[in-house]
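Here the structure is laid out as structure tokens; the discussion comes afterwards.
FYI, it's all coordinate maths here, none of it is from the lab. Worth saying up front: this structure is predicted, and the values here are computed from it rather than measured. When we count neighbours, we look across all protein chains shown, and the Cβ atoms used for this are built from the backbone with ideal geometry, even at glycine.
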Amino acid sequence: MSSVQSLEIRLGEVRVGYLTHYPDEKTIFSVDEAYIGMGSTRPVLSLSLSRPGDEASTEALLRDERHKFASVKAPPFFSNLLPEGGLRTRIAQSLKVHEEREFLLLAALGADLPGAVTLNPGDTPEHLRFRRGASGAAAVDEAAPLKFSLGGMQMKFSMLRQGERYTLNMGTQLGNYIVKPPSRDFAALPRVEAATMETARAVGIEVPEALLLPPEHIDALPDMGAYPQGEAFYAIRRFDRSEHMEGSKGGRIHTEDFAQVFNLRPSQKYGRVNYEMIAQTLLRYAGGLSDLKEMARRLAFNVLIGNGDAHIKNWSLIYDTPTRPRLAPAYDLVSTVAYTTHDTSIALNMAGVKRFDAITLDTFATLFARIGLHERIQKDMMEEVRVTVQRVKGAWENSFVAAGVPDDLIRKVEAHIRGIALGRECA
Ligand SMILES: Nc1ncnc2c1ncn2[C@@H]1O[C@H](COP(=O)(O)OP(=O)(O)OP(=O)(O)O)[C@@H](O)[C@H]1O
Ligand SMILES: [Mg+2]
């Protein structure tokens, strides 16, 4: 490719700026003056570029050119809009582009990204316009079957629900469910995910509608024969798509994950950030104490149920108010101890501790003290932790049996819950 190419970045109807790709493989994110000029009414693209309530710091972040360019890959905010694993490989192969060349992936999928961001050649100045399909091997194959983007490692599809049926043939509409096929590597994974999510719902965590689908309810999915035959699929309602969706423009609700908040790449989802940092962000710039209480519930839940995958891309913010986010509903809760016998730890450090069996009420108390909560509120949070632990112990088995999780996996979850220190402390 020889010429400069560019995509217009919109958040809903508002133009945020441009993503421009240069022949040396650099991609640069430039922010529009008019967007900066909106001041405190500006819809927030990312907390990495905004300090709600502090316009001077926000403007400085929007004007700061660091972190707004990358080579081959896209700048981190945009990298995080793309899939990581097999789904990325599949999309890149169908487009005939190298899977690291993220600008080209974003150009192809820009009309259906997570949240309310769109990337389009649309109103881009003529000399910067990305010409779809105009340049040899980098051409976008209009016939490519997958036109949506979703983050994460596992294979998944954004599908439209029509009564009992789910389809990829959506015309100009957007998918409103994420559908995950069963896996050859992890037996009954859709059932374990559905069971874990239902347990979370039962203990008071905010969870979108999640369900198991018989494969015959799914239309127009490529490679149907590749999945274990007859096994249930998992589906979850998308919280970034509203109930009322008119055409391709409407129906998007903005979201971002915590890799975007901290301006990190998907590959940095473990290790760079700890739960204190997420908690501080919620307190200062998102839903405050109510978010923190929900986070406390989710942490206690993850320890008890043995979910070792609560990394920064499995926590998101949702912007139902465009100028201030709150913690998004929970997703990707999986009792990973059903599959692992060693290395059983939560994904990020929690007051310096990671191993499930080393996390105690004391760990939670340290976490709440470190983020500077008033003593009375610390007590409140500790009570929430205790109650959640007790509720998980009472609720999990029903959910796992109802979801049809195989016995050997149920026994592994049971052994984990019985053995865990936090569970014994909250008898
Ligand atoms: N119900 C939902 N509504 C909107 N967005 C969602 C929902 N569930 C998941 N997502 C988004 O899709 C991404 C991928 O989903 P999910 O985390 O379930 O996939 P995964 O491939 O299992 O992830 P991982 O790489 O953590 O194993 C999430 O990081 C989140 O941004
Ligand atoms: Mg995930």
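Worth a mention:
- Estimated inter-spin distance, residue 216 and residue 38, nm [label 7 Å along Cα→Cβ]: 4.8 nm
- Extension gain for residue 375 to residue 339 (0.36 nm times residue separation, less C-alpha to C-alpha distance): 9.1 nm.
- The label point for residue 185 and the one for residue 3, both projected 7 Å from the Cα toward the Cβ, are 4.1 nm apart.
- On the basis of the beta-carbon distance and an R0 of 56 Å, residue 357 and residue 224 show a calculated FRET efficiency of 0.85.
- Diagonalising the gyration tensor over the Cα atoms of the chain and scaling each eigenvalue by 5 before taking the square root yields semi-axes of 36, 28, 18 Å, largest first.
- For the range 352-427, the equivalent ellipsoid derived from the alpha-carbon gyration tensor has semi-axes of 28, 14, 9 Å in decreasing order.
- Helix 407-419 and the longest principal axis of the Cα set of the chain meet at an angle near 70°.
- With the simple spin-label model, which puts each label point 7 Å out from Cα in the Cβ direction, the residue 65 to residue 382 separation comes to 5.2 nm.
- The chain: angle of helix 375-402 to the longest principal axis, Cα-based, in degrees nearest 10: 90 degrees
- On full extension, the segment bounded by residue 321 and residue 425 gains 33.5 nm, given 0.36 nm per residue less the C-alpha separation.
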